[in-house]
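The values are calculated or read from the model by the stated rules, or taken from the named source; none is laboratory data. Only a predicted model underlies this, so the values are computations on that prediction, with no experimental measurement involved. Heads up, the Cβs are rebuilt from the backbone with ideal geometry, glycines too, and the neighbour counts pull from every protein chain shown. Heads up: the accessible areas ignore ligands, DNA and RNA and are worked out on the full protein's heavy atoms, side chains in. Shrake-Rupley method; radii C 1.70, N 1.55, O 1.52, S 1.80 Å.
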Amino acid sequence: MSETKPLPVVDFLKIPEDGNPYLEGFRCKKCASIYLGERNVCSKCFARDEMEVIKLTETGTLHSYAIVFRSFPGIDVPYISAIVDLDGGGTIKGNLINIDPDPDKIEFNMPVKITYGDALGRKDTEGNSYLSYFFEPA
Amino acid sequence: MSDVYVMGVDMIKFGRFPDRSVPNIGAEAALMALDDAGLGIQDMQALYCGNLGQANAMVGQRILQEIGQTGMPVVNVANACATGATAFREAWMSIKAGMYDVVLAVGVEQMGKGLLGGAGGGEGIPKEGLLGSGTMPCVFAEAGMEHTKEYGTTFEQFAKISVKNHHHSTMNPKAMYQIETPLDEVMNAEMISYPNTKLMCSVNVDGSAAAVLVSEKKAKELGMARAVKVRASALASDPYTDRDLVMPDVNACTRLAAKDAYEQAGIGPEDVNLVELHDCFATAEMLHYENLGLCKDGEAGKMIDEGHVELGGKVPVNVSGGLLSKGHPLGATGIANIYEVCTHLRGEAGNRQVEGAKIGMTHVIGLGTACGIHILEKTN
Ligand SMILES: [Zn+2]
């Protein structure tokens with residue numbers, strides 16, 4: 001196991017050999033619904049085998065959030081759990097960083113962008129590092 | 001198809017019973033419901049048993065091993081927080097189908113302490129606190145904040161719901177807690193996931209509830225005096241919504257089930273005299289005022305501000321104390337709220353009685369997602 005090349009935190013985070021990491025979506029050619037992770041059938045319009053692979057956009061707006069003050073043991077708090085609507089379609093959830101975890105500072109619909117970075121130092125049982133995605137104010 | 005009646009219904013006082021088994025806790029409510037109906041286990045033609053924690057462990061059969069093994073068919077049901085309501089509905093359907101005249105539904109749960117939920121898990125590294133939070137207080141905080149975004153709903157308005165339900169529970173001896181929690185105490189309690197403080201999260205407790213359901217023929221034979229008519233039984237799963245991959249949609253699923261329930265009953269929200277709804281978090285209750293049509297979209301904050309949902313108000317909500325104070329033993333909750341509504345329709349709710357209650361509604365929703373709604377009516 002290589003210690004230098006991190007693994008993706010989720011399957012839909014892609015790390016090309018050459019080039020920048022990105023998030024991958026599956027879009028239904030019939031109804032344009034966007035899914036995270038590979039699938040063959042659209043749960044909105046029921047079309048089969050009409051999925052195309054797309055790169056998700058890296059900008060979006062804050063749809064909703066919560067500020068987490070109590071989590072499971074060992075998880076650093078507080079942090080902002082954010083739901084972001086991507087400009088090119090699709091919605092993803094993640095940590096919103098580089099902004100105070102304070103409702104007076106966080107605005108709904110504020111523009112955010114996706115950044116990539118080490119998964120807060122977390123490693124799996126084999127010692128592998130992981131690359132994660134985060135949101136930050138754009 | 002025969003109308004279906006609740007002939008017996010009861011719940012144990014919710015609490016923490018770490019030294020008892022799940023079937024033992026369930027058996028207690030089963031016997032209470034049988035007594036309430038004036039029937040014995042030998043009169044039951046089938047058992048529908050709801051439990052989540054031991055969903056693969058034949059809890060229904062083990063209940064019968066404690067109270068009477070007649071050989072009746074037993075179905076064990078698991079459907080997240082709609083488990084109890086689903087067991088009740090299966091029992092209802094079996095009578096509707098003409099299969100049986102007398103059946104028993106039991107919901108039971110033994111809970112641990114602490115946070116429910118979690119993000120992802122599975123392979124690799126833990127995702128909690130890395131890709132947001134999958135804890136239930138956070139998931140429902142995010143759902144509540146959608147309402148804030150849309151309508152400007154405030155932390156204080158969410159907190160008032162908890163004040164109300166804790167106040168209601170002081171009149172319910174079967175609630176886990178009977179303690180007033182003034183607004184400043186709710187708002188200053190430990191913040192779990194903004195805007196839900198600790199006092200705005202449901203209480204993890206152990207508990208059980210049970211109901212004896214009968215056909216119209218059997219109800220007439222036994223006497224209608226305390227019978228409660230089931231006017232509607234609706235169950236929905238989550239329809240496709242744009243964000244539901246990352247944000248479980250408790251709204252669309254509830255609206256779907258509510259529409260079905262009102263149509264079955266041939267009534268509207270204005271006909272409902274009391275509601276026991278799924279206040280797993282204070283933020284959730286706010287959403288369901290609108291989802292159940294108790295008010296127009298955007299008016300939920302006004303419902304709590306103007307006291308319409310308090311005991312004595314236009315449509316009292318969670319006069320039992322709700323999941324926030326009565327407690328939330330997942331598999332039992334759906335039948336416990338049917339017990340509460342039936343108790344009011346029977347005029348037996350003591351000092352928390354909703355005066356003149358003729359029609360009541362129960363609602364539960366489990367993420368994943370399952371929503372169960374029942375409409376119940378006084379018979380005399
Ligand atoms: Zn489609």
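For region A:109-134, what are the residues that are outside any loop (DSSP other than H, G, I, E, B) and either free of Cβ contacts under 8 Å to residues at least 60 places away in the same chain or over 17 Å from the mean Cα position of the chain (by Cα) (or both)?
Result: A:P111, A:V112, A:K113, A:T115, A:G117, A:L120, A:G121, A:R122, A:K123, A:S129, A:F134.
Across region A:109-126, the qualifying residues are those that are over 19 Å from B:E150 (Cα atoms) and within 8 Å of chain B (Cβ to nearest Cβ), and the one among them that is surrounded by the most Cβ atoms within 10 Å (Cβ to Cβ) is A:A119. Does A:G37 fit the bill of being modelled with pLDDT under 95 and more than 30 Å from B:G152 (Cα to Cα)? In short, yes.
Go through region B:1-60 and report how many residues are among the hydroxyl-bearing types (S, T, Y) and under 28 Å from B:V203 (Cα atoms).
Summing the residues that are among the hydroxyl-bearing types (S, T, Y) and under 28 Å from B:V203 (Cα atoms) in region B:1-60 gives 2.
Scanning region A:10-27 for residues that are under 23 Å from A:L131 (Cβ atoms) and within 16 Å of the ligand (Cβ to nearest atom) yields A:G25, A:F26.
Looking across region A:28-49, the residues that are touching a Phe, Trp or Tyr at 6+ places or on another chain (Cβ under 8 Å), small (G, A, S) and near the ligand (Cβ under 9 Å from one of its atoms) come down to A:S33, A:S43.
Taken together, the residues in region A:26-38 that are under 16 Å from B:V246 (Cα atoms) and part of a loop (DSSP other than H, G, I, E, B) amount to 3. Scanning region B:305-322 for residues that are open to solvent by 10 Å² or more (accessible area, probe 1.4 Å) and outside any loop (DSSP other than H, G, I, E, B) gives a single hit, B:D305.
Here is a list: B:M58, B:M72. Which entry is of a type in the set (A, V, I, L, M) and at positive phi?
The conditions single out B:M58.
Consider region B:131-178 and keep the residues that are assigned to a loop (DSSP other than H, G, I, E, B) and within 9 Å of chain A (Cβ to nearest Cβ). The one that is surrounded by the most Cβ atoms within 10 Å (Cβ to Cβ) is B:S133.
One residue alone among A:I67, A:I106, A:I83, A:I99 is in a loop (DSSP other than H, G, I, E, B) and open to solvent by less than 30 Å² (accessible area, probe 1.4 Å), and that residue is A:I106.
Here is the figure for region B:197-239: residues that are within 10 Å of chain A (Cβ to nearest Cβ) and over 25 Å from B:L52 (Cα atoms) total 1.
Got at least one residue in region A:50-72 being within 26 Å of A:Y22 (Cα to Cα), among the acidic types (D, E) and within 16 Å of the ligand (Cβ to nearest atom)? So far as region A:50-72 goes, yes, one or more of its residues are within 26 Å of A:Y22 (Cα to Cα), among the acidic types (D, E) and within 16 Å of the ligand (Cβ to nearest atom).
Taking residues in region B:300-315 that are at positive phi, and partners anywhere that are open to solvent by less than 80 Å² (accessible area, probe 1.4 Å), the pairs with Cβ atoms closer than 6 Å and at least 6 places apart or on different chains are B:G307/B:G313. Of the residues examined, B:T333 is not one that is open to solvent by 10 Å² or more (accessible area, probe 1.4 Å) and of a type in the set (V, I, T). Restricting region A:11-52 to residues that are free of Cβ contacts under 8 Å to residues at least 12 places away in the same chain and within 13 Å of chain B (Cβ to nearest Cβ), the residue that is nearest to B:G129 (Cα to Cα) is A:S43.
Among the residues here, A:F72 does not qualify as in a loop (DSSP other than H, G, I, E, B), more than 26 Å from B:F158 (Cβ to Cβ) and among the aromatic types (F, W, Y).
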